[in-house]
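Notes follow once the structure below has been shown.
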Amino acid sequence: MTGKEMIGFIGLGVMGKNLVLNLVDNGYEVAAFDLDTNKVNDAIAQANTEVPERQQPIHACSSLNELLEQLPSPRTIFVSVPAGDAVDDVCRHLIDAGVEVDDIVVDTGNSLWTDTRDRESNYKEHFTFFSTAVSGGEVGARFGPSLMPSGDQKAWSRLRPIMEAIAAKVDATTGLPIERREPGNPVTEGEPCATYIGDSGAGHYVKMVHNGIEYADMQLICEVYHFMRHAMHMTPSEIASVFREWSHGPLHSYLIEISAEVLDQQDEYSGKPLVDVILDKAGQKGTGLWTAVSALQIGTPAPTLTNAVFARSLSTLKSIRLDASKVLPGPTGFTLEVPKDKLIEQLHDALYCAKICAYAQGYQLMQMAAKEHGWTLDLSSISKIWRAGCIIRAAFLQPISAAFQRNSDLPSLLMDPFFSETLGKHQGNWRAIVAQSALAGIPAGAISSALAYYDSFRTEVLPANLLQGQRDYFGAHTFERTDRDDGKYHVRWSEPGRPMEKA
Ligand code: 6PG
């Protein structure tokens, strides 16, 4: 029909269906299979309604055998099924149906990166297992997500035109997303938000960290909202206005924009602001947790990312919290003395500085993971593909990309002159918010953890000296000296005179 190859697609749930519609907008025919045939029929109906003049581009397949028969060899098959066993089920069924060694099977789900790494090697006798982590939710999938592809390089050469076509696009001059949501009229100009990340699950690792940062970014916004709502007694719509104003500055981001929309929404049942009737128990699907676990395993500090996961866990203890709210005393007699305008400025700066620290943690985690797993991650390019399409898309990604462009070995984002100067300039307001939150009894774990991270990071001598002394005392774990570079020492603490020896 269009001269472009026909693509196979398995799994037409919310993300799958939207990716299929995105593919057909970009001129690809799709052979589609889902265990629930209604889902395929829905996609066909939507494609026909959206662009009635277009020749039917989606072919419903009643089995994987039929799907394989429809596709030209070597085949390209996208899979959008829940992460975990379902991906292996599809792979095994494809093998049974006769998938061939040159065929590429692309997992587009939120898979655990180690599963992806294992699948790349487990299936290589049968077909090329490739992965493309997708960020952007259903609208992103429909009109342009951010894509983090990884796997075999030769497969990437074949997939690249497809991925670049369906990805979100950024205006090269402004660095801002090109937003056009018109079925049948995809964005074809601008820089595509798809870049090859690496092999051995690198793409899913990077997506995982994206989500870890997403958790932190969301939690930081929530803490700022909480302070305005409960310490400053602002209404949700007043807070929405502040967020909208912030959207014009360095805090411009998709997450700030949608937060304003949520805060402005009225509940159709009660007439109250919707946010006031949403139960305060946060869900999670696991990617934030995986990021925290990876940071702990590698030994990279990511306290703000981890704090955001714990904040969700703590929120789910609703009934215990309700009991606790009746017995655990908070501060008494504290009143905010700072004028409202000044407090809003302080909150802006606290959010900005904490956000820089959260991103610094995520980026350092990627750097450490790359060393550990033998990947070469181009952090400047990764920042570029996060400028549009994905959930953490923000103006802020442009200076991050520039920072890693200036120095690809930057030891920390905090050390880049742009960010160190920004932190230096705004830290006073950030500290004021942490202090006032503590005095008012308003939880601000992510904002505070970011400040503690910043202060620890810039501190020449940390109390780890005493900690090493404690470890040596009870466990003979030894310590190094600041004045000698000749190995480890141990004090025989239980002997008279506590003599020191070289370990
Ligand atoms: C994205 C999102 C997407 C999803 C996550 C987060 O980048 O498009 O991160 O992957 O929303 O699953 O979900 P939880 O908040 O439930 O963990």
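Exactly one residue out of A464, A435, A476, A403 is surrounded by 15 or more Cβ atoms within 10 Å (Cβ to Cβ) and either not acidic (D, E) or not assigned by TED's automatic domain parsing to the domain that holds S383 (or both), and it is A403.
For every residue, the table says whether it meets (1) in the same structural domain as N185 (by TED's automatic domain parsing); (2) away from the ligand (no atom under 16 Å from the Cβ); (3) surrounded by fewer than 20 Cβ atoms within 10 Å (Cβ to Cβ).
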site: R75; (1), (2), (3): yes, yes, no
site: V87; (1), (2), (3): yes, no, no
site: V99; (1), (2), (3): yes, yes, no
site: T114; (1), (2), (3): yes, yes, yes
site: R117; (1), (2), (3): yes, yes, no
site: E125; (1), (2), (3): yes, yes, yes
site: P149; (1), (2), (3): yes, no, no
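Filtering region 13-33 for residues that are crowded, with 16+ Cβ neighbours inside 10 Å, without any contact (Cβ under 8 Å) to a residue 60 or more places away in the chain and assigned to a loop (DSSP other than H, G, I, E, B) leaves an empty set.
The test for being surrounded by 15 or more Cβ atoms within 10 Å (Cβ to Cβ) and within 16 Å of the ligand (Cβ to nearest atom) holds for R387.
The values are calculated or read from the model by the stated rules, or taken from the named source; none is laboratory data. Source: prediction; values computed, not measured. Don't worry about glycine lacking a Cβ; one is built from the backbone with ideal geometry, like all the others, and counts go over all protein chains shown.
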